Structures are given as structure tokens and as C-alpha cells.
Amino acid sequence: MTEATGTMREVLRGLPPFPEELPDFDVEAAPADPVSLFLGWFSAAVEHQVPGPHAMTLATADTAGRVSSRVLICKDVDERGRWYFASSSDSGKGRDLAANRHAAASFWWPQQ
């Protein structure tokens, strides 16, 4: 960054953290099943024409605990809570998941 634009820290600190109005989330009204909750959110993202609503960030860790994340395309979520995404079992993600089945997925839907 140059002096004209400021330091990275200054630029980041100058950005608003979140939109002023975030949607309400009533925990008591949410379905007990996380897949149902996700499918409702996903349907709303599609309905509101969120760009790339099926793009997901998947974070995994290898056997040494080294964490990595990558944006992938969600291909399906079934009623048993299994997530399918575009990748190969030979890829880094595939090897990580074979060694450690714990992972985290995140979807970014700013319009939601």
C-alpha cells in the first residue's frame, strides 16, 4: 500500500464491519435439523439471486494439523447431512478428509 492509500490496517479499520441492518435470527423458531435450516437459507439465497450461492469455503486439516481452506462448489446436501462438493479424493481436500473427517463449510451470502 502506498502513503496515498494508507496502511492496510488503516484501510481495513476504515471499512464498516457489517451492514447496519442484519437479518434477525430467532433460535427458538429455527428447525432442530441443521440440514433443514441450511436448505431454507440456501433457497432464500437462490430466490434473492445471490451470485454463486453454491460456492462454499471448505476448511480441513491434514494429519499434522495444518489447516487449509478452498472455495469449492456444493453439489448436494442429503437428508442424512452428507455434503457433496466438487473435488477429488486425490486432491489435497480429499486426502485431508480421508485422514481427518472433521471440516468446516462456510457460505457467503451478503444479500442475506
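The values are calculated or read from the model by the stated rules, or taken from the named source; none is laboratory data. Treat the numbers as computed from the prediction; the structure is a model and nothing was measured. Methodologically, a virtual Cβ is constructed for each residue, glycine included, from the backbone with ideal geometry; neighbour enumeration extends over all protein chains shown. Protein only, heavy atoms only, side chains kept; ligands, DNA and RNA dropped before computing areas. Shrake-Rupley method; radii C 1.70, N 1.55, O 1.52, S 1.80 Å.
Annotations for the structure displayed:
- Residues (under 20 Å from PHE38 (Cβ atoms) and touching a residue at least 12 places away in the same chain (Cβ under 8 Å)) located in the range 86-101: ALA86, SER87, LYS93, LEU97
Residue-by-condition table, conditions (1) assigned to a strand (DSSP E or B); (2) of a type in the set (S, T, N, Q):
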residue: ALA45; (1), (2): no, no
residue: THR60; (1), (2): yes, yes
residue: CYS74; (1), (2): yes, no
residue: TRP108; (1), (2): no, no
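- Check on VAL50, assigned to a loop (DSSP other than H, G, I, E, B), among the hydrophobic types (A, V, I, L, M, F, W, C) and open to solvent by less than 50 Å² (accessible area, probe 1.4 Å): yes
- Under the condition of being within 24 Å of SER36 (Cβ to Cβ), open to solvent by less than 100 Å² (accessible area, probe 1.4 Å) and at pLDDT 90 or above, the residues counted in the range 60-85 number 9.
- Output for the range 76-106, where each listed residue is assigned to a loop (DSSP other than H, G, I, E, B) and either charged (D, E, K, R) or touching a Cys at 6+ places or on another chain (Cβ under 6 Å) (or both): ASP78, GLU79, ARG80, ARG82, ASP90, ARG101
Residue by residue, here is whether (1) out of contact with any Phe, Trp or Tyr (no Cβ under 9 Å at 6 or more places or on another chain); (2) within 26 Å of GLN111 (Cβ to Cβ); (3) among the aliphatic types (A, V, I, L, M) holds:
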site: MET8; (1), (2), (3): yes, no, yes
site: ALA29; (1), (2), (3): yes, yes, yes
site: LEU39; (1), (2), (3): yes, yes, yes
site: THR57; (1), (2), (3): no, yes, no
site: LEU72; (1), (2), (3): no, yes, yes
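- Filter pass, SER89 being small (Gly, Ala, Ser), open to solvent by 70 Å² or more (accessible area, probe 1.4 Å) and modelled with pLDDT under 95: yes
- Selection within the range 11-47 - open to solvent by 100 Å² or more (accessible area, probe 1.4 Å), farther than 24 Å from ARG80 by Cβ and either touching a residue at least 60 places away in the same chain (Cβ under 8 Å) or not hydrophobic (A, V, I, L, M, F, W, C) (or both): ARG13, PRO16, PRO17, GLU20, GLU21, ASP24, GLU28, GLU47
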